[in-house]
Amino acid sequence: MGTMREGAAPVASRAVQPIVVLLAGSAAAQPSQYVMERAIRHHDLDWRYLTAEVAPDRLGDALAGVRAMGFCGGHFDEVHQRAALALLDAADDAARAVGAADCFTRCEQGLAAVNLLGPAVTALVRRRGFDPAGRRAMIVGAGKMGRAAAFQLAAQRAAGVAVADRNATAAEELAAMVAAQFPDCGVEVVSWQPPLAVPESSDLLVHAIPAAAHAEGLLLAPDTLRPTLHVLDVNMAPPCGELLREAAARGCPTYEGLDLFVERLALAFQAWTGVEPDRRVMRDAAEEFLMEV
C-alpha cells in the first residue's frame, strides 16, 4: 500500500453521513476533533469527526465497531499507535517501517494502517520550497517521530541522513533500517555528545525528541545553525522552542511543531474527503483550542 488512498474502499452508502474518529486513551486536551470539525464546516462538507476514549485493552473491540459501523477512517493517539498496527488488516510502507500507525483508512482488505508523521514532515518543508531530493538531513531522536522522518526523507531521495540519539543502539538500528531499504541514501550515526554539532553538509535539521523526554536544554551547538539550514521541531510545547528561537535568530528557516500537527491532519483530511483543506483555518482552530487548555 503506497499511499493512503490506494485501494480505498467506499463507505457502504453515501446516504449515511461519512464519519471519521480519533481513538484516544483520553479525550482530554485533544485538539484533533476541534480542528477537523472546523475544516469540515469551512469546506461545507457533510462529514463528522468524533473522539472516542478507548482503553488500551479494548482497542481491538473499538476497531471491530469501526468496521461494523462503516466509518471511513480515523486517527490513533499516542497511546494506541504501536498496538494498532497489529490489529489492522493492511499497512502502508511507512507504518511498517516505523512500527506504528497514527491514522487508518478503508481499503479492500478492511482497515489499513497509515503513518502520516513522515509525509507531514516532507509536505511541510516542500511548502516552503525545500525539496528533500539530493539534500542531507540530521535527525535528532531515533524514536517513532525520528524513524518516520528518516524513512520519508530517504523515500523522497534524500542524499543522506545523519541520526543522533542518546540511545546509541536505537540510532544504529534506525541507520541500519534506512540503509537497508534505501541503499542510495548515505547514512551515518552522530555520537551523542551534547551540544551536538550539526554536520556542515546538512540542509535540514529535524528535532524529533518528545518534549516530555527533553530536559537538557538546547542540545545543538548554536554556532552550527547556519542560515541555510532548515530547522524543524516536532514539539508543540516548550522547552524545545529554545531551538527554534536560536535558529531564527541565526537566520534559519524554521518550522513549528504546531504546523507539523496541522499538516498531518490536513493530509488525512484530503485523503478521506478528496478536498484539500485550508491550512490557515486549521491552524487558527488549533491555536484557539490550545489557548483554552
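The values are calculated or read from the model by the stated rules, or taken from the named source; none is laboratory data. The shown structure was predicted, so the numbers you read here are calculated from the model rather than taken from an experiment. Neighbour counts are summed over all protein chains in view; Cβ atoms, including those assigned to glycine, are modelled from backbone coordinates with ideal geometry.
Before moving on, here are some points about what is shown:
- Test for Asp203: is it under 19 Å from the mean Cα position of the chain (by Cα), closer than 23 Å to Ala142 by Cα, of a type in the set (Asp, Glu) and crowded, with 16+ Cβ neighbours inside 10 Å: no
- Some residue of the range 136-147 being part of a strand (DSSP E or B) and not assigned by TED's automatic domain parsing to the domain that holds Leu196: no
- Some residue of the range 234-248 being among the β-branched types (Val, Ile, Thr), within 19 Å of the chain's Cα centre (by Cα) and assigned to a loop (DSSP other than H, G, I, E, B): yes
- Of the candidates Ser26, Ser32, the single residue that is surrounded by fewer than 19 Cβ atoms within 10 Å (Cβ to Cβ), of a type in the set (S, T, N, Q) and at pLDDT 95 or above is Ser26.
- For Ala248, the test of being at pLDDT 95 or above and either in contact with a helix residue (DSSP H, G or I) (Cβ under 6 Å, 6 or more places away or on another chain) or outside the structural domain of Ala154 (by TED's automatic domain parsing) (or both) is failed.
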